[in-house]
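> Here you go, one structure.
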Amino acid sequence: METTLTVKGMSCNHCKMSVEGALKKLAGISDAKVNLEAGTVEVTYDESKVNVAAMKEAIEDQGYDVEF
Ligand SMILES: [Cu+2]
């Protein structure tokens, strides 16, 4: 599965690394790519292992807000 989440508050490469890193730590996520200009992150995941709520929580733990 692939999904694109809108993340508020990402402004630089550090934010990009934080969000991508937090997502990639979750079991079931094989890829996470932040687009800083668009303020989005594209996530490739196994829907039997992880869900969007867990991704949202991981991103929020880093201090960013997720919009659906
Ligand atoms: Cu930053």
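The values are calculated or read from the model by the stated rules, or taken from the named source; none is laboratory data. Since the model is a prediction, treat every value here as computed from it, not as a measurement. All Cβ positions, glycine included, derive from the backbone under ideal geometry; neighbour counts span all protein chains shown. Surface areas here come from the heavy atoms of the whole protein model, side chains and all, with no ligands, DNA or RNA. Shrake-Rupley method; radii C 1.70, N 1.55, O 1.52, S 1.80 Å.
> Please work out the average accessible area per residue across the chain, using the 1.4 Å probe convention, and give it in Å².
Dividing the accessible area of the chain by its residue count gives 60 Å².
> Here is a follow-up. Round to a whole angstrom and tell me the spacing of the C-alpha centers of the stretch 1-39 and the stretch 41-59.
Here the two parts' Cα centres lie 10 Å apart.
> Could you check how much of the accessible area of the chain is carbon and sulfur, as a whole percent, using a 1.4 Å probe?
Percent of accessible area from carbon and sulfur atoms in the chain: 46.
> Once you wrap a convex hull around the alpha carbon atoms of the chain, what is its projected area averaged over all directions, in nm²?
Here the figure is 3.7 nm², rounded to one decimal.
> For a Förster distance of 30 Å, can you work out the FRET efficiency between the beta-carbons of Ser48 and Cys12, rounded to the nearest 0.05?
That gives a FRET efficiency of 0.30.
> Can you give me the angle between helix 13-24 and the longest principal axis of the chain, using Cα atoms only, in degrees from 0 to 90, rounded to the nearest 10?
Orientation of helix 13-24: about 10 degrees from the principal axis.
> Can you give the local net charge around Lys33? Use residues other than it whose beta-carbon is closer than 11 angstrom to its beta-carbon, Lys and Arg +1, Asp and Glu -1.
-2
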